[in-house]
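Here is the structure we will look at.
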Amino acid sequence: MARLNTTFRPGRAAVLAVAGLYFLVPLAASVIFTVDVPGQGLNVDAYAQILGTDGFLPSLVLSLELAAATIVVVLLLMVPAMVALRLGAPRLRPVVEVICSLPLIVPPIAFVAGIGTVLKWGPEYLATTPLFQTFVALQNPDFPIVLVLAYVVMALPFVHRALDAGLRAVDVRTLVEAARSCGAGWPQALVRAVLPNLRGALLNAAFLTLALVLGEFTVAQLLGFQPFAVWIYSIGGSQAQMSVAVSVLSLFLTWALLLAVATLGGRRAPSRTVSQG
């Protein structure tokens, strides 16, 4: 039996210590800023008043709705495409990978400038056509569909990586062929044979998309909408402690979701034995 190498390495410990300080010191400073009131000592009013602050719940609900819609759309788009790519056109994988990586290359400011140009051009030239109402619906402030479309594009690199890692870990072709030999159609084979084996990858993709939508600021701000990240920025000038307190809570919520995703993704369904009569 091979023996584990437990030799202490100072260099590795130093790197871990520096990385820990890099993340923990700013977080600790933010927490201290939110509870330390000059002349009053420690005070948690900044956290107690969050729920009653104007705009908190509407902006949070809007961001969660946008995140849910983005997750559904991007998974419906990417899961069948990735499975079909692995089964029928594996040589196109590098091309799809490059296309899905483009949002990482294009600066968000350039991306939103292009979206804004299209949104301004549409009503001017399509005012007398039925498409005019489409442009109006895309920019509905109660639920801006244009943000969902933008977030789907921005989430492609992360969803592609998560699904690709999950598909590499399973034999998709064997699963599909087994389901097809039992009489299942292609949609049924995908839902019942492939997706249960991609639970961890789907959860990772959903979490990354949720984190992206909750923290995205540039596109929403420049297009004139106010989801959660924009609301945090808007109250920063008048209520600095409140703004930092909300950011700290958002960070802890993100960590909690990450732990939940890791826990759910690590669970395995209990094995079932089939008795033959």
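The values are calculated or read from the model by the stated rules, or taken from the named source; none is laboratory data. Since we're looking at a predicted model, the values are computed, not measured. For neighbour counting, all protein chains shown are included, and Cβ atoms are generated from backbone atoms with ideal geometry for every residue, glycine included. Only protein heavy atoms, including side chains, enter the accessible area calculation; ligands, DNA and RNA are left aside. Shrake-Rupley method; radii C 1.70, N 1.55, O 1.52, S 1.80 Å.
What to note about this one:
- Here the condition is being in a loop (DSSP other than H, G, I, E, B) and polar (S, T, N, Q); of THR53, THR34, THR70, it holds for THR53 alone.
- Pairs where the first residue, in the stretch 78-98, is over 16 Å from VAL159 (Cα atoms) and the second is open to solvent by 60 Å² or more (accessible area, probe 1.4 Å), C-beta under 8 Å, 6+ apart: LEU87/ARG173
- Of the helices (runs of 4 or more DSSP H) lying entirely inside the stretch 172-220, those containing at least 1 residues that are among the β-branched types (Val, Ile, Thr) and in contact (Cβ under 8 Å) with a residue 40 or more places away in the chain span 172-181, 199-215.
- Matching residues in the stretch 123-143 - criterion: being part of a helix (DSSP H, G or I) and of a type outside the set (S, T, N, Q): PRO123, GLU124, TYR125, LEU131, PHE132, PHE135, VAL136, ALA137, LEU138
- When VAL159, VAL146, VAL112 are checked against the criterion of being in contact with a helix residue (DSSP H, G or I) (Cβ under 8 Å, 6 or more places away or on another chain), touching a residue at least 24 places away in the same chain (Cβ under 8 Å) and under 22 Å from GLY200 (Cα atoms), a single residue qualifies: VAL159.
- Cβ-Cβ under 6 Å pairs, at least 6 apart or on other chains, the stretch 239-263 side touching a residue at least 60 places away in the same chain (Cβ under 8 Å), far side part of a helix (DSSP H, G or I) and open to solvent by 70 Å² or more (accessible area, probe 1.4 Å): VAL244/PHE33
- Any hit, the stretch 109-122, residues being assigned to a helix (DSSP H, G or I), in contact with a Ser or Thr (Cβ under 8 Å, 6 or more places away or on another chain) and surrounded by fewer than 14 Cβ atoms within 10 Å (Cβ to Cβ): yes
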